[in-house]
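Undergrad: Below are the structure tokens for one structure; questions will follow.
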Amino acid sequence: MDLLTKISDALKPELDTFNTTFSKAFETEDELLQKICSHIHQRIGKQMRPIVVLLAAKLCGKVTDNTYNTAASYEILHTGSLVHDDVVDNTMQRRGQNSVNAIFNNQAAVLVGDYLLTKSMHFIYNTGNLQLLGLLVKLSEELARGELLQLQHAYSIPTEEEYYNIIRHKTASLFAVCARSGALTATDNTEHHDRLERFGELLGLCFQIKDDIFDYTPSAKIGKPIMNDIREGKVTLPLLHALQQMSEQERNHTMSTISQGEITDETQTQILHIVEHYEGIAYATQRMEHFSQLAKEELTPFDNNEIKQLLFDLLDYVKDRKL
């Protein structure tokens, strides 16, 4: 049994209730919208973000109706953002299946993504909690800024801090808000809110670094082609570390090759060799381990119990997952 299955089994009653709430977002009488929503609903992923919300609430007290609405809101927001990402990145596959834009078209995908983002707001509205609404608004800004920062640095070499800033906005911010919001539905203890938010952010950094490692791992079964990022000029941590280690001449040649836009099989092999030669994956793994340890330290004040261990297990799953 892998760690995510262990966590999901421990949360089965809560996840069953969550899925009942979550499924309501895909119910519509409009024929085209229903067809697209059904396709999206069939390929729902590992539900890591609602798991973070539920575990944060249980660590701080108990799961409430507001917890379920919050978890549904952020999973819908995440789902809608992926639909939009596939349009922006011209991605034809998501989780091993054709993306919405591949089956229908970009216009339909953008509009359905907008619809899902609106449904996300509806779930938060149901909580009647202005703090939760404020977190959703702030998160929407963070996600947009992350995508724009990534676009700003396309076909260039960011500093390592700039890289962390990009992934903090585009990925880690969602995990951070999930953890903080889950805690907020269970307790008024602001120290607990702050610590869980920081835990979630560090978990999200680990998650994105692992995804970036997968992009340079030909054997990874991630449901989409590898090296998608570099095809769009996005230099992520494994390659970034390699570029920082090489000579200026080799660095300029590598970036010139990437800037040409078309990544042939030969070019892909060359870049993979560079990342391996300069131990880019090993360095990215080391940084992921560092952030994981910091995340565990954030939970030090909490009682040692099953829920805290499940959060540790979630961190370990993110670092060790195969897809």
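Undergrad: Name the residues in segment 119-129 that are more than 18 Å from the chain's Cα centre (by Cα) and either surrounded by 14 or more Cβ atoms within 10 Å (Cβ to Cβ) or of a type outside the set (Gly, Ala, Ser) (or both), would you?
TA: LYS119, MET121, HIS122, PHE123, ILE124, TYR125, ASN126, THR127, ASN129
Undergrad: Taking segment 50-64, which residues are crowded, with 24+ Cβ neighbours inside 10 Å and either closer than 14 Å to ARG180 by Cβ or hydroxyl-bearing (Ser, Thr, Tyr) (or both)?
TA: VAL52, VAL53, LEU54, LEU55, ALA56, ALA57, LEU59, listed by residue number.
Undergrad: Could you give me the residue pairs with C-beta distances under 9 Å whose first residue belongs to segment 263-291 and is farther than 21 Å from GLU232 by Cβ, whose second residue is crowded, with 17+ Cβ neighbours inside 10 Å and at pLDDT below 95 wherever it lies, and which are 6+ apart or on separate chains?
TA: Note: pairs meeting the criteria are GLU276/TYR216.
Undergrad: So which residues in segment 249-270 are farther than 18 Å from GLY280 by Cβ and charged (D, E, K, R)?
TA: GLU262, ASP265, GLU266
Undergrad: Go over the candidates LEU294, LEU240 one by one and state the one that is within 30 Å of LYS12 (Cα to Cα) and modelled with pLDDT of 90 or more.
TA: LEU294
Undergrad: While we're looking at this one, here's another question. Taking the options ASP188, ASP211, ASP194, name whichever one is outside any helix (DSSP H, G or I), surrounded by fewer than 24 Cβ atoms within 10 Å (Cβ to Cβ) and among the acidic types (Asp, Glu).
TA: It is ASP188.
Undergrad: For residues in segment 130-179 being part of a helix (DSSP H, G or I) and among the hydroxyl-bearing types (Ser, Thr, Tyr), which is most open to solvent (accessible area, probe 1.4 Å)?
TA: SER140
Undergrad: Residues of segment 266-323 being open to solvent by less than 80 Å² (accessible area, probe 1.4 Å), of a type in the set (Val, Ile, Thr) and either farther than 14 Å from PHE199 by Cβ or not in a helix (DSSP H, G or I) (or both), which ones?
TA: Correct list: THR267, ILE271, ILE274, VAL275, ILE281, THR285.
Undergrad: Can you find a residue in segment 65-81 that is closer than 20 Å to ALA109 by Cα, assigned to a helix (DSSP H, G or I), in contact (Cβ under 8 Å) with a residue 40 or more places away in the chain and open to solvent by 40 Å² or more (accessible area, probe 1.4 Å)?
TA: no
The values are calculated or read from the model by the stated rules, or taken from the named source; none is laboratory data. None of these values were measured; they are calculated from a predicted model. Glycine gets a Cβ as well: all are built from the backbone with ideal geometry, and neighbour counts include every protein chain shown. Heads up: the accessible areas ignore ligands, DNA and RNA and are worked out on the full protein's heavy atoms, side chains in. Shrake-Rupley method; radii C 1.70, N 1.55, O 1.52, S 1.80 Å.
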